[in-house]
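The values are calculated or read from the model by the stated rules, or taken from the named source; none is laboratory data. Values in this document were obtained by computation on a predicted structure and should not be read as measured data. When we count neighbours, we look across all protein chains shown, and the Cβ atoms used for this are built from the backbone with ideal geometry, even at glycine.
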Amino acid sequence: MPEGPRTTLVHVLTGVWADRHSEEQRRGITIKLGYADAIVLKCPSCPPPDCYFTLAMAGGWKCPKCGSDAEFVRKISFVDSPGHERLMATMLSGASLMDGCVFVIAANEPCPQPQTREHFAALEIVGVKNIVIVQNKVELVSREKALENFRQIKEFIRGSFAEDAPIIPVSAVFGANLDVLLQFMEERIPNPVRDPSKPMRMYVARSFDVNKPGTRPEDLVGGVIGGTIVQGRVKVGDEIEIRPGAAVKGGFEPIYTDVVSLHAGDVPLNEALPGGLIGIGTLLDPSLTKADGLIGNVVGAPGTLPPVCNDLCIELHLMERVVGSEELSKVEKVRVNETLMLNVGSAVTVGTVSSIKSDEVEVVLRRPVCAECGQRVAVNRMVSGRWRLIGWGIVR
């Protein structure tokens, strides 16, 4: 989860740019969610942290330090969220998919920046507790400045859920301390325990039309949806339902289609389980999936998904200060007829407050979402012309 244009760290660990579909990303402008996979390896002969590296860092399955055959540890999927504070909605969508976080803070800037506060608050809202903090770009500052920045980070996280999180000084450009980072990732971000017997459910983070311009009609393939499976499993040949689905006159209708292919990065699969980033090839008309047209939808076995909601009743918890603004102005109470932006899973929607009863707020949505009771929702208000995070809620 980088603060600013910082795809370099992910690129070094994975060997690819976090969003291979965007030329803007290669120039350091992170607009949409990026994603990339890294295979973590361990040398049986070298002591920690020297024993940790990735397949991309080593360029193969041999230890770059002693030449021993490396052991597979695990495969990690990175969801590279945009650092710019104007792209808060996209960042929250990415945070909803995460099991842990590598929180990148630049050593050559005072901490915290406005977007640092927003990202940190978002992690707490969506419940991401496993965190490793990276103090990046240490090559750009003196030792004294790096220590001063370190103390600023410690003060920023004091008293929070991340108070005991390790802070790793790193130079992604020179590859310094990446082995230490990988060691702490292994120790602090464990693989979550999941129940594969539950009905399959996936949050859609991206969707694509993979057909090249000029493809003949008989050669066209169906649209692709990408995201993270949060429970259950899916196989090639399974029927899936997508909610809220496609916009039709008068509302939205669920979409039903078959799974024709599964991919984890460039690796084809017959079956996909929770964790990682999965691409699902479908029989959908590519016009439905092009240009991320299905972002925010939920995918699952037919008849097992939560209901589609045109309004939400949420138990609202407001923060003391507006997150992300330099002024740190006080959060005023929500008012009837006020417009709010809500992040529900990977979905972003805007709604109008219709009623307020104690700490429960009812919001009529302009675009419906697929949500269930108990789900966490991020609440944003327009402040000085930008959406700012002001609190969170629980769907009732």
Residue, surrounded by the most Cβ atoms within 10 Å (Cβ to Cβ), within segment 286-312, restricted to residues that are of a type outside the set (V, I, T), part of a loop (DSSP other than H, G, I, E, B) and in contact with an Asp or Glu (Cβ under 9 Å, 6 or more places away or on another chain): L305
Verdict on I394 being modelled with pLDDT of 90 or more and surrounded by 13 or more Cβ atoms within 10 Å (Cβ to Cβ): no
Tally of residues being β-branched (V, I, T), surrounded by fewer than 16 Cβ atoms within 10 Å (Cβ to Cβ) and under 27 Å from K75 (Cα atoms) across segment 230-259: 0
Among the residues listed as D19, D50, the single one being modelled with pLDDT of 90 or more, buried (at least 16 other Cβ atoms within 10 Å of the Cβ) and of a type in the set (D, E): D50
From L316, L284, residue being over 30 Å from V383 (Cβ atoms), of a type in the set (A, V, I, L, M, F, W, C) and in contact (Cβ under 8 Å) with a residue 12 or more places away in the chain: L284
Long-range neighbours under 6 Å by Cβ, at least six apart or interchain, first residue under 9 Å from G223 (Cα atoms) within segment 197-212, second assigned to a strand (DSSP E or B): S207/I225; F208/V224; V210/V224
Conditions (1) exposed (fewer than 15 other Cβ atoms within 10 Å of the Cβ); (2) aliphatic (A, V, I, L, M); (3) within 22 Å of L365 (Cα to Cα): number failed by V267: (3)
Among the residues listed as K198, K212, the single one being touching a Gly at 6+ places or on another chain (Cβ under 6 Å) and of a type in the set (K, R): K198
Index of the failed condition, A89 passing every other in (1) surrounded by fewer than 22 Cβ atoms within 10 Å (Cβ to Cβ); (2) modelled with pLDDT of 90 or more; (3) not basic (K, R): (2)
Candidates P169, P199, P192, P217 - the one that is loosely packed, with under 11 Cβ neighbours inside 10 Å and not hydroxyl-bearing (S, T, Y): P217
Filter result for E338 (at pLDDT 95 or above and either in contact with a strand residue (DSSP E or B) (Cβ under 8 Å, 6 or more places away or on another chain) or of a type in the set (F, W, Y) (or both)): yes
Criterion: in a strand (DSSP E or B) and either among the aromatic types (F, W, Y) or outside the structural domain of I125 (by TED's automatic domain parsing) (or both) - qualifying residue of E372, E315, E332: E315
Residue list for segment 201-260, restricted to those being among the basic types (K, R) and either in contact with a strand residue (DSSP E or B) (Cβ under 8 Å, 6 or more places away or on another chain) or in a strand (DSSP E or B) (or both): R201, R206, R233, K235, R243
V379 being in contact with a His (Cβ under 9 Å, 6 or more places away or on another chain) and either part of a strand (DSSP E or B) or at pLDDT 95 or above (or both): yes
